[in-house]
Every structure is written in C-alpha cells, then in structure tokens.
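Heads up: the structure comes next, in structure tokens.
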Amino acid sequence: MILSTKLHAQVGKIDSEKIVLVCPFEHGSGREPKEAFTWDPPDKKVIMISKVDSFIRSATSGVVTNMNPIEDNQYEIVVNFGDYYFWYYGVTKPFVAKADVVKAGQSIGLYTLGKELEFRMFKFEDPIDPRIYLECKIPKAQ
C-alpha cells in the first residue's frame, strides 16, 4: 500500500473527516485505565487485555518509527501515519523493526496473557482518545 494524505474512510484508514482504526486485538477487549492518581485532563489511553495470548495488530497503515525495549522484558512500538502516531506499550514480542512499513490489521507483535497493552493515539504531540475511532468499542468509565 502506498501511503497518501487523502484516503477513503474505511477500517485502518484516516482521512480529513473520518478515522476508523482496526482493533489492536483480534480476541481481546479494552478497559478504562485504573490509575492511582486522577489526571486533569484525563489520560487519553486505552488498556487492552485478552483472556488468551494474542497477536497485536496495527490499527492503521503506516511506518514504524520506534521499537524499543522497556521494563519487564516488554517493548513499545510506535506507528506513524501522516500527522498521527499510535503507541503500543507492553508488547511481549515485537514482529517489526524501525522503518518497517505496516498495513492496517497486520500483526506487529505478541501479547501474553496476564499483561496489559497500553494503546495511545496522538495527532502531532496532542493526545487523542482512541476509543471513538476503534472498530472494537471500549467502554468509558462510569
């Protein structure tokens, strides 16, 4: 797939009016972050969990800009498309490297049962709540 700035609004695509993102887990769900502190404004992220080991899928097509080890033998992966950046924090085993081109829905890493995957979305440096754009619906806190 060739990256362009004007795309049709469909799953894994971004255009100027509509964003639709592939769910990072094929067999998982998300939950509201449970933090020890309350942030104002609220922290814009989704905690993804699964009842089984699962592949982590790229929410959109793009280029891997970062793939770094973090604590507890886990990794963070950042995928960029246009003005948007998608962070996957808590990947057990990455399947991609920096500068790889990925397609929406492509497996980019492995999730292991008992861990949490933090998913974040940014437009430039501004955090965006990804819940409203994900094809899997993540409940909001009550």
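The residues in the range 49-96 that are part of a loop (DSSP other than H, G, I, E, B) and closer than 16 Å to Phe25 by Cα can be counted, and the count is 9. Consider the range 102-119 and keep the residues that are assigned to a strand (DSSP E or B) and in contact (Cβ under 8 Å) with a residue 60 or more places away in the chain. The one that is farthest from Leu21 (Cα to Cα) is Tyr111. Identify all residues within the range 33-57 that are under 24 Å from Lys93 (Cα atoms), surrounded by 15 or more Cβ atoms within 10 Å (Cβ to Cβ) and modelled with pLDDT of 50 or more; write none if there are none. Residues satisfying the conditions are Lys45, Val46, Ile47, Met48, Ile49, Ser50, Ser54, Phe55, Ile56, Arg57. Scanning the range 78-91 for residues that are touching a Gly at 6+ places or on another chain (Cβ under 6 Å) and aliphatic (A, V, I, L, M) gives Val79, Val91.
Checked against (1) within 22 Å of Lys18 (Cα to Cα); (2) at pLDDT 90 or above; (3) not small (Gly, Ala, Ser), Glu76 passes all but a single condition, namely (1). Among the residues of the range 92-104, none qualifies, meaning not one is at pLDDT 95 or above and within 15 Å of Val46 (Cβ to Cβ).
The values are calculated or read from the model by the stated rules, or taken from the named source; none is laboratory data. A quick note: this is a predicted structure, and the numbers were derived from the prediction, not measured. Note: ideal-geometry Cβ built from the backbone for every residue, glycine included; neighbour counts use all protein chains shown.
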